Amino acid sequence: MKIVVAIKQVPERDAPIHIASNGKWIEDGDLNYTINEPDAYALEEALQLKEKTGTGEVVVVSAGPERVQSTLREALAKGADRAIHVEAVDLSSRDTLGVAQVLADAIKAESPDLILTGLQSDDLGLGQTGVVLAELLGIPHATIIMQVEPVDGGLKVKRELEDGWFQHVEMPLPALLTIQSGGNKLRYATLMGIKKAKTKEMKTVTASPAAGTPAIALERVYLPEKQKKTEMLTGSPAEVATKIVEKLKFEVRVL
Amino acid sequence: MSGVLVVMEQRNGAWNRMSFEALAAGQQLAAKLGTECSAAVLGSGIDSLASELASRKLTKVYAVQHDLLKTYTADGYVAALEQLLKQTSADYVLLPHTYQVRDFAPALATRFKQVLISDVIAIRHDSEGTTSPVFVRQLLQGKLNADYRHTATGPCFVSVQAGTFRAEAVEDGAAAIEAFAPQLSAEQIRSKPGEPFRESAQTVDLSAAPVIVSVGRGIGEQDNLGIVEELSKALGAELAASRPICDNGWLPMERQVGSSGQTVSPKLYLAIGISGAIQHLVGMKASKAVIAINKDENAPIFEVADYGVVGDLFEIVPELTKAVQAAKA
């Protein structure tokens, strides 16, 4: 099975939040970047599927500026066979449809049996790129997937529903799945893997210019307003503990 | 029509309650824009659901029925709604931000060359009626808010986060029911959904617990869980966790609080090392009191906390356990 994994590079979770001067994003000068966590699970699922079946190829794809190559290189170190960097410096001015289109262009040329990606990104969290990609490629999809099992004529997947419910869905190939975190245990890159990654193919293709104006626009970002008036408790750990116990006794009344 | 159309969600004849929150959002948006609001329900044998909707303040209720819509599939819903929207040409299509909507709405929007503005936590009107509304979403796991606006011509698709609008705010009235029979064929439906199931009988009912001590990513590793377990024991609390802890297998899935886990409303929710992504907050924000301990002062958990401590949980939690034990002795 030929599997393409679409990966997004995102700021690390503890990234400092300073709003950029254009008011549309955070200052990115000193940001560190990493793989979007659900995409790491998508990669893990792809690698395990390849290992289970003993054949096939895992190709990782990421769109963005040159820095995304480091995330692709890490995916190669974990076991992906090839990488495609879709070079685009204007991703932030494209909407989901625009981003999915450049990914679709790159992936179409690969004619994969299966496309995996994370269910949403840790930064924008729109949770749509996978589904839109499937629609653009004209293939069936399923979202929020915990397990993937190849069966005759296609796949049987375990889809998470709300409140602890699940369902199985069967579908033909080619197909696209968006993967939920936690379905598998993530692997680390081995030293051998890191060494091998240096010799693996990393192809760069240039994204075609945006086709039109975006359908939606992010106008500005700002720090959220508090929904509650939070009383901050300060002091040494022992002092804070005493203050909390007082609140538990006299305000919350659980002690 | 033009105006606002709300797409309701039902399964086996039972509403998803979030649908009524979306309906309240739709009614309020239509009132602000000086336009009308209608609603649609999809399925097979849904006459009684449509009649129930007809007692709300809506222009029309579209009962979209077909045998192939009996069980949800993305292919069936996208095809049926595409046909309905082409006929009704709504300006705004509002949906509840459920797992099902996340499965089909992005594809539906793509059919109209649009992008769904997903997981909206507020709708703002900067100036009455003259400009398009602003849709507020969260970025970076809730650390940042963003204003989005629809900039294209064509329908604007919006999904509304749980708890953003109150279902009780839905206005009653009378609506005409209009049957809509989409053209669907079995070959269009490419996936075969199975019956929903639960992994195992849920043995932990967090929803009944008066005190919950909940632990998140900040705990670092499984071996550190002990300090939180001791605090939980001292307080006589149920131990719960955010998703990453259960994903890692450090605590069983049935102790997970959030949109994919349990929804709780204890007297006290003590959040330890939980940053407070929206998926977690929807599961616990109905708690009577929230105390949060986190090293990151920007953590969104502090937005819903009554009492907050910015600091090192590894220093504070053991002290708190001692203080609770002393208070109880």
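The values are calculated or read from the model by the stated rules, or taken from the named source; none is laboratory data. Please read these numbers as outputs of a predicted model, since none were measured by experiment. With ideal geometry, Cβ positions are generated from the backbone for all residues, glycine too; neighbour counts draw on all protein chains shown.
Being away from chain B (no Cβ under 14 Å) and among the basic types (Lys, Arg) is the filter here, so list the residues in region A:178-214 that pass it. Result: A:195, A:196, A:198, A:200, A:203. Only one of the numbered conditions (1) modelled with pLDDT of 90 or more; (2) basic (Lys, Arg); (3) crowded, with 20+ Cβ neighbours inside 10 Å; (4) out of contact with any strand residue (DSSP E or B) (no Cβ under 6 Å at 6 or more places or on another chain) is not met by residue B:233, and that is (3). Just one of the listed residues (B:110, B:131, B:153) is buried (at least 20 other Cβ atoms within 10 Å of the Cβ), without any contact (Cβ under 8 Å) to a residue 24 or more places away in the chain and assigned by TED's automatic domain parsing to the domain that holds residue B:42, namely B:110.
Does residue A:217 satisfy being facing chain B (nearest Cβ under 9 Å), hydrophobic (A, V, I, L, M, F, W, C), surrounded by 15 or more Cβ atoms within 10 Å (Cβ to Cβ) and in a helix (DSSP H, G or I)?
no
Scanning region B:293-314 for residues that are under 22 Å from the mean Cα position of the chain (by Cα) and either assigned to a strand (DSSP E or B) or facing another protein chain (nearest Cβ under 7 Å) (or both) gives B:300, B:302, B:303, B:304, B:305.
When every residue of region B:257-273 is checked against the conditions, at least one turns out to be part of a strand (DSSP E or B), out of contact with any strand residue (DSSP E or B) (no Cβ under 6 Å at 6 or more places or on another chain) and facing chain A (nearest Cβ under 9 Å).
Here B:290, B:324, B:317 are screened, and the one residue that is facing another protein chain (nearest Cβ under 7 Å), at pLDDT 95 or above, within 18 Å of residue B:212 (Cβ to Cβ) and over 18 Å from the mean Cα position of the chain (by Cα) is B:324. The residue of region B:176-204 that is farthest from the other protein chains (Cβ to nearest Cβ), among those that are of a type in the set (A, V, I, L, M, F, W, C) and part of a strand (DSSP E or B), is B:176. Of all residues in region A:194-240, those satisfying the criterion of being more than 26 Å from residue A:99 (Cα to Cα), free of Cβ contacts under 8 Å to residues at least 24 places away in the same chain and of a type in the set (Val, Ile, Thr) are A:199, A:230, A:234, A:240. Which of the residues spanning region A:163-200 are farther than 24 Å from residue B:106 by Cβ and in a loop (DSSP other than H, G, I, E, B)? Selection gives A:184, A:185, A:186, A:187, A:188, A:189, A:190, A:198, A:199, A:200. Screening the candidates A:46, A:80, A:63 for the property of being in the same structural domain as residue A:202 (by TED's automatic domain parsing), assigned to a loop (DSSP other than H, G, I, E, B) and buried (at least 20 other Cβ atoms within 10 Å of the Cβ) yields one hit, A:80.
Taking region A:27-43 as the range and being touching a residue at least 40 places away in the same chain (Cβ under 8 Å) and surrounded by fewer than 21 Cβ atoms within 10 Å (Cβ to Cβ) as the test, only A:37 passes.
For region B:1-48, the set of residues classified as in a strand (DSSP E or B) and in contact with a strand residue (DSSP E or B) (Cβ under 7 Å, 6 or more places away or on another chain) consists of B:4, B:5, B:6, B:7, B:10, B:37, B:38, B:39, B:40, B:41, B:42, B:43, listed by residue number.
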